[in-house]
Amino acid sequence: MKVNSLGLPVKETEILVAELNILLSSFQVYYQNLRGLHWNIRGKRFFDLHLKFEELYNDSQLKIDLIAERVLTLGGIPFHTFDDYIKNSKIKVGKNIHNDEEAITLIVNSLTELLKVERVILLQSGTIDDEGTNSMMSDFIKEQEKTIWMMKAWLEEEM
């Protein structure tokens, strides 16, 4: 079995890079959705949600950079065009959302899709003992599960 300079199997690492690029694309769409929600939210909860959406998109921006850097660390090339993002994203594009409940629902649905991709990556990275990717996915999953819980509590929905 051929391994790279990190000691990881080359073929499996290439598959992992492809999944990370799907996650990167999905995060880019999620990030842009959050920007749109931040700009377009209206209503009595404007001030609270405007700040929350900013907090979430700033966090997403950091995660996007971490994912791209992980792709590079693993020897891949991170996607970096809107065309790639749209073709590979698992996240629904949210357009012209002004309503608070619709906005929060979009966030919950987006995070649910991100979790699906992250769990695939977590399984793949664990299989090849890629602790760097594994640790990053574990951190993302833990944070996003908590955010989903909080958003569903705001919506007054059960987990």
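Could you give me the residue pairs with C-beta distances under 6 Å whose first residue belongs to segment 2-23 and is on the phi < 0 side of the Ramachandran plot, whose second residue is of a type in the set (D, E) wherever it lies, and which are 6+ apart or on separate chains? Listed pairs, sorted by first residue: L8/D130. Applying a threshold of 8 Å to beta carbon distances and a minimum spacing of six or more residues, or different chains, the list of pairs starting in segment 133-154 at a residue that is within 13 Å of L56 (Cα to Cα) and ending at one that is surrounded by fewer than 18 Cβ atoms within 10 Å (Cβ to Cβ) and polar (S, T, N, Q) reads I148/T112.
Every read-out reported here was derived from the displayed coordinates using simple, explicitly stated rules and does not represent laboratory data. Everything numeric in this text was worked out from a predicted model, so none of it was measured. Because the Cβ atoms are built from the backbone with ideal geometry, glycine has one as well, and the counts that use them run over all protein chains shown.
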